[in-house]
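Input: a single structure, listed below in structure tokens.
The values are calculated or read from the model by the stated rules, or taken from the named source; none is laboratory data. Computed from a predicted structure; not experimentally measured. Here Cβ is always computed from backbone atoms with ideal geometry, including for glycine, and neighbour counts include all displayed protein chains.
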Amino acid sequence: GIAFYDRRQRFQRINRALADINGAPAAAHIGRTIEEMIPALAPTVSPLLDRVLTTGAPVENVLIEGTTAANPTVPRRWLVTYY
């Protein structure tokens with residue numbers, strides 16, 4: 001899945017694949033924060049995005065684990081990269 005965020009970590013664009021993973025339509029993400037859309041993953045994802053926004057350096061190949069609204073009882077794993 002792919003998404004673009006603004007400096008306040010609000011979704012600006014998101015593809016259908018990531019929207020499906022998050023369990024909400026793509027349009028529902030636009031203008032909303034990570035905390036609003038994927039609260040279970042926000043404590044992990046937000047600091048990674050903050051690091052990219054602060055330093056300008058990518059965060060590559062980080063394994064994160066958690067659940068989303070699409071399957072809240074199924075723990076999942078993702079290998080993520082943020083630019």
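Yes/no matrix, rows are residues, columns are (1) β-branched (Val, Ile, Thr); (2) out of contact with any strand residue (DSSP E or B) (no Cβ under 7 Å at 6 or more places or on another chain); (3) at pLDDT 95 or above:
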{"residue": "ARG16", "(1), (2), (3)": "no, yes, yes"}
{"residue": "ALA19", "(1), (2), (3)": "no, yes, yes"}
{"residue": "ALA26", "(1), (2), (3)": "no, no, yes"}
{"residue": "ARG32", "(1), (2), (3)": "no, no, yes"}
{"residue": "ARG51", "(1), (2), (3)": "no, no, yes"}
{"residue": "VAL74", "(1), (2), (3)": "yes, yes, no"}
{"residue": "LEU79", "(1), (2), (3)": "no, no, yes"}
Out of all the residues in the stretch 26-47, which are of a type outside the set (S, T, N, Q) and out of contact with any helix residue (DSSP H, G or I) (no Cβ under 6 Å at 6 or more places or on another chain)?
ALA27, ALA28, ILE30, GLY31, ARG32, GLU36, PRO39, ALA40, LEU41, PRO43, PRO47
